[in-house]
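Okay, structure first, notes after.
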Amino acid sequence: MEFNNIKKKIKRALHIIIHTISRTAEVYSKHEMSIYSGNATFYLLMSLVPFLMMIISLINMLPWFSVEDVSSFLYRMMPDIPQIRGTLLNIIVNLNHQSKQIAAYLFALTSLWSGSHGVFAMMSGLEKINHTQQIILKQRPKAILYTIIFTLLIPSMLLFQVLRSSISNAITFIFTELSMPKVAVQINRILRVSGIVTLAITILVIVLTYTFLPAGRRKMKNQLPGSIFTSVLWILFTNAFSYFIRRFWKYSSVYGTFAAVFLSAMWLKFIIAILFLGASLNRALQVQVSMECKT
């Protein structure tokens with residue numbers, strides 16, 4: 001009898017999973033997210049230089065960081081392909097030399113407009129999925145605001161790495177006073193593993209993006225499934241993409257010096273598609289819950 005109950009639960013779980021996958025694919029294709037992902041990829045690539053210029057201008061105001069810190073941080077989110085990383089490092093180094101000029105700070109400020117195009121494209125796709133639309137006059141200012149927030153994220157992450165030892169000491173002191181030293185040890189172990197911290201912050205950023213970037217009101221907890229899905233699939237795809245390119249594809253003989261641009265666009269296209277796929281998953285789960293409540 002117990003075996004039959006377990007069998008029924010497994011069948012029900014499989015049915016729910018298959019239905020959710022089917023519904024997610026339907027939401028993604030119905031709203032033409034492949035077109036929106038291509039559009040967002042184009043504008044994000046066009047926004048790359050202004051975005052990096054704003055980050056470097058901020059970094060140069062902080063005495064603790066260097067160009068290598070910025071590049072090493074960005075490397076964690078990008079494929080491990082020498083051509084892509086080498087091109088990115090050259091861009092950062094050149095922008096760093098320019099950012100030391102007074103006119104560069106004015107350029108960094110004016111770059112907000114062009115840099116916000118990529119965020120605006122993502123906002124449009126997310127609003128399409130969520131069946132919402134903002135007033136036109138509010139769209140661009142909101143995209144600029146989120147561009148500033150995303151720009152501040154990288155210096156904040158670098159600052160966290162510098163302050164990590166101080167945070168660790170504070171955690172040890174607090175939990176020792178609470179007679180919970182073992183908890184402090186476990187938390188400090190997690191903090192030492194940068195990959196876990198980066199994953200947690202990535203999930204948080206995506207949750208906030210899904211919740212607040214498109215128009216309308218949503219609960220943050222309802223955006224968590226798609227955010228976890230997006231973050232994990234981002235990491236898995238990036239590693240698989242790096243492995244495949246380095247092992248099996250002789251891209252240098254075909255694309256030459258354009259290999260970095262082509263591969264970056266290809267990788268970014270899939271990453272944006274994954275972002276929209278995660279939003280489609282949240283939408284599918286939301287519709288499914290609404291239907292269950294009505295029944």
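Each Lys or Arg adds one and each Asp or Glu subtracts one; over the other residues with Cβ under 11 Å from the Cβ of SER280, this totals +3.
Put in line by how crowded their Cβ is, counting other Cβ atoms within 10 Å and starting with the fewest, PHE120, PHE262, PHE276 read PHE262, PHE120, PHE276. Which FRET efficiency, nearest 0.05, do GLU32 and THR132 yield, Cβ-Cβ r, R0 22 Å? Calculated transfer efficiency: 0.85. Fully extending the segment from LEU204 to ILE148 would add 18.5 nm, taking 0.36 nm per residue of separation and subtracting the current Cα-Cα distance.
Annotation for LEU14 and ARG140: the two label points, set 7 Å from Cα along the Cα-Cβ direction, are 5.5 nm apart.
Calculated FRET efficiency, PHE258 to PHE173, Cβ-Cβ distance, R0 = 45 Å: about 0.25 to the nearest 0.05.
Shown is the FRET efficiency for LYS182 and ARG217, computed with R0 = 41 Å from the Cβ-Cβ distance and rounded to the nearest 0.05: 0.50. Here each label is just a point 7 Å from Cα along the line to Cβ, and for LEU74 and ILE196 those points are 2.9 nm apart.
Taken along the Cα-to-beta-carbon direction at a fixed 7 Å, the label points for LEU48 and ARG247 span 2.5 nm.
May I ask for the net charge around MET33, where only other residues with Cβ less than 13 Å from the Cβ of MET33 are counted and Lys, Arg are +1 while Asp, Glu are -1? With Lys, Arg at +1 and Asp, Glu at -1, the net is +1.
Computed over neighbours whose Cβ is under 15 Å from that of SER22, the net charge equals +2, Lys and Arg +1, Asp and Glu -1.
Only the coordinates and a few stated rules stand behind these numbers; no lab work does. Keep in mind that this is a model prediction, so the values were computed, not measured. Quick reminder, even Gly has a Cβ in these numbers, built from the backbone with ideal geometry, and neighbours come from all protein chains shown.
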